[in-house]
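Rule-based calculations on the coordinates, nothing more; no lab input. What you see is a predicted model, and the numbers here were worked out from it, not measured in a lab. Virtual Cβ from ideal backbone geometry, glycine too; neighbours counted across all protein chains shown.
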Amino acid sequence: MSMWKDPFEPRYVDICGKRTLVHTTFEYPPIPRRDMDWSAITDDYDGAEDAHSPIGRGATEEEAIADLKRSIEESEDYEEVS
């Protein structure tokens, strides 16, 4: 059994009561700090500067997802599903 997860396997995260598809990336930027090696975005991320699409960052994949979730939940533009 491999300890590596399939990078193409979809990962769904519950964010404000909504099942959201999240993509993660290991980036390893050329800086001495290792606390931003992972990033996480939602499936509807478009990359436009004015789109207000949050990006989660962290030292681990789980931290990046948690940062993304926190950013979305704190956003005034996001409405909780009831």
#### Entry: Gly58 long-range amide H proximity, modeled H, under 5 Å
Asp37, Trp38, Ala64
### Query
Between Glu27 and Ala59, what length comes free when the chain is fully extended (0.36 nm per residue of separation minus the Cα-Cα distance, one decimal in nm)?
10.5 nm
### Query
In whole angstrom, and with the biggest value first, how far do the Cα coordinates of region 11-74 range along each principal axis?
36, 25, 20
### Query
How far, in nm, would the chain grow between Ser75 and Cys16 when pulled straight, counting 0.36 nm per residue and subtracting the alpha carbon separation?
20.1 nm
## Note on the structure
Mean Cβ-within-10 Å packing, highest first, puts peptides 18-25, 45-52 in the order 18-25, 45-52
